[in-house]
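The structure appears right after this line, and notes come after that.
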Amino acid sequence: MSKRVLIVGTGSIGERHLRCFQTLPNVEVAACEPNATLAATIAGRYRCTVYPSLDEALASSRFDAAVICTPAHTHISIARRLFEAGLHLLIEKPLAVTEEGIDALRCAASERSGQVIRIAYVQHCNLALLKLRELIAETDLGVPKQITYVGGQHFPTFRPAYREIYYARHESGGGAIQDALTHSVNAVEWLAQSPIVSLFTHADHQVLEGVEVEDTVNLTARLANKALAVFAINQFQAPNEQTYTFHFEKGSLRAENHNRRVGVFRHGDSGWTWYPVAVEDRDGPFIRQAAFFLEATDGKETPLATLDEGIQTLRVNIAALKSARTHQEVTL
Ligand SMILES: NC(=O)c1ccc[n+]([C@@H]2O[C@H](COP(=O)([O-])OP(=O)(O)OC[C@H]3O[C@@H](n4cnc5c(N)ncnc54)[C@H](O)[C@@H]3O)[C@@H](O)[C@H]2O)c1
């Protein structure tokens, strides 16, 4: 039987989710979007129904699942409403901008085990990180001792409208910490299978025109498994690069997303052994994420971020902003 999926918000990422869900078999996709011009464009481009509001969508049709693609400060109220209406949820990152309403959503989720909530940290569907995760499990190098993430891209190239959208303000989920760094923080917590327990952040606005939020971040953290992690990111550099390195007592693992390769370097080796990772277009990981999400709604195990993992990374975002503001280490 086909599944009915509602895309809530058809801005940049909502349109991508809509398109990616439409590629899957046995899925019917509809959307809701309050911007009438955009709603008409999307309805025409994808030949689907676009409702002007959640109320009208829920009153007009039955849905099995929803993907929440609105700015982050609206996620929790929309999620609670849709979860109470019985829908499975895929919620865009970051889960929220404060912890308000989180406990109630968590309680509701624990009471209804047949309904799933997953957070759309799409790095969980990136082939390079899936390969790195496989190598962490298979190579028997032990517990990671030091983890580094170095990454960045020229954000104005990828999101020319950055000044006019949620990105311009912390309150709506903007700035490098909540918008970009959150992906790699969540990926490291997922890959290390251990949450960040304390951190210190340096963050500044340095280059991006027309906004005041930070575009450059250095964050150093301690994980519950005692690994020390460091993240360095900016949103103005020319190269679009992301490198994750995990150093263990017995060797190192590295994922170079931009070079589509993952490597192993054990003590005693003379160099890296590289495994190639398939090149795919930007929709590739999102189509995989959509498929995993539908599998999760059928009760299957998937690598997608759980609600608890999304809450943990939200707490890291909040702590990182606090540390940057106060110039103090923050314990979670
Ligand atoms: N995973 C990724 O790679 C990725 C990329 C971009 C954005 N995001 C995240 O996705 C979310 C949305 O980002 P975006 O870039 O698409 O923003 P956007 O501003 O382009 O689009 C948001 C859309 O939501 C609509 N909207 C607002 N309130 C609504 C409501 N109550 N009901 C229905 N629609 C509503 C707006 O009209 C707008 O069209 C953010 O949380 C952002 O962090 C994730």
Open item on the list: If TYR167 satisfies all but one of (1) in contact with an Asp or Glu (Cβ under 9 Å, 6 or more places away or on another chain); (2) surrounded by fewer than 18 Cβ atoms within 10 Å (Cβ to Cβ), what's the number of the condition it fails?
Closed with: (2)
Task: Meets criteria (within 16 Å of the ligand (Cβ to nearest atom) and touching a strand residue (DSSP E or B) at 6+ places or on another chain (Cβ under 7 Å)) for ALA180 - done: yes
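Which helices (runs of 4 or more DSSP H) sit wholly inside the stretch 1-94 and have at least 3 residues that are more than 17 Å from ILE165 (Cα to Cα) and of a type in the set (Gly, Ala, Ser)?
Passing ranges, in order: 36-46, 54-60.
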Task: Conditions (1) surrounded by fewer than 14 Cβ atoms within 10 Å (Cβ to Cβ); (2) within 14 Å of the ligand (Cβ to nearest atom); (3) under 21 Å from ARG288 (Cα atoms); number of the one not met by ASP55 - done: (3)
- [ ] Scan the stretch 74-98 for residues that are touching a residue at least 40 places away in the same chain (Cβ under 8 Å) and more than 16 Å from the ligand (Cβ to nearest atom) and jot them down.
- [x] HIS88
Task: Subset of the stretch 105-122 [open to solvent by 40 Å² or more (accessible area, probe 1.4 Å) and either within 20 Å of THR313 (Cβ to Cβ) or among the hydroxyl-bearing types (Ser, Thr, Tyr) (or both)] - done: ARG106, CYS107, SER110, SER113, ARG118
Open item on the list: For the stretch 194-240, give me each residue that is at negative phi, charged (D, E, K, R) and open to solvent by 60 Å² or more (accessible area, probe 1.4 Å).
Closed with: ASP204, GLU209, GLU212, ARG222
TODO: Filter the stretch 250-277 for residues that are β-branched (Val, Ile, Thr) and either surrounded by fewer than 16 Cβ atoms within 10 Å (Cβ to Cβ) or closer than 14 Å to THR139 by Cα (or both) and give the result.
DONE: VAL262, VAL264, THR273
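The values are calculated or read from the model by the stated rules, or taken from the named source; none is laboratory data. Everything numeric in this text was worked out from a predicted model, so none of it was measured. Glycine also receives a Cβ, built like all others from the backbone with ideal geometry; neighbour counts cover every protein chain displayed. Side chains included, ligands, DNA and RNA excluded: accessible areas come from the protein's heavy atoms. Shrake-Rupley method; radii C 1.70, N 1.55, O 1.52, S 1.80 Å.
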